[in-house]
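Below is one structure; the comments refer to it alone.
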Amino acid sequence: MTYDRLVCANCAAPVSEGRCPVCRANRERMQQENFFAGLTPTTLIVLLAVLVAAVALLAHQTV
Ligand SMILES: [Zn+2]
């Protein structure tokens, strides 16, 4: 969220402007981190549900 205030060490321009490859890489990485941070609770719940379903299926098959 605050990455648009960051100044690039390579070109000394705001990273959010994406003037050089370093800027663009940083911007992309931070956007991905934000994306995954926002997804994490939902992803955990989905993974847990899938795990429970898989265990239930396996239990049914072995018994
Ligand atoms: Zn840069």
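The values are calculated or read from the model by the stated rules, or taken from the named source; none is laboratory data. Computed from a predicted model, the values in this text were never measured in an experiment. Using ideal geometry, Cβ is built from the backbone for each residue, glycine included, and neighbour counts are taken over all protein chains shown. Accessible surface is based on the protein model in full, side chains and every heavy atom, while ligands, DNA and RNA are left aside. Shrake-Rupley method; radii C 1.70, N 1.55, O 1.52, S 1.80 Å.
Taking the range 16-41 only, how many residues are closer than 15 Å to Leu6 by Cα and of a type in the set (Val, Ile, Thr)? The qualifying residues number 1.
Would the range 15-27 turn up any residue that is modelled with pLDDT under 90 and acidic (Asp, Glu)? So far as the range 15-27 goes, no, none of its residues is modelled with pLDDT under 90 and acidic (Asp, Glu). Of all residues in the range 22-63 being within 16 Å of the ligand (Cβ to nearest atom) and open to solvent by 90 Å² or more (accessible area, probe 1.4 Å), which is farthest from the chain's Cα centre (by Cα)? This residue is Arg24.
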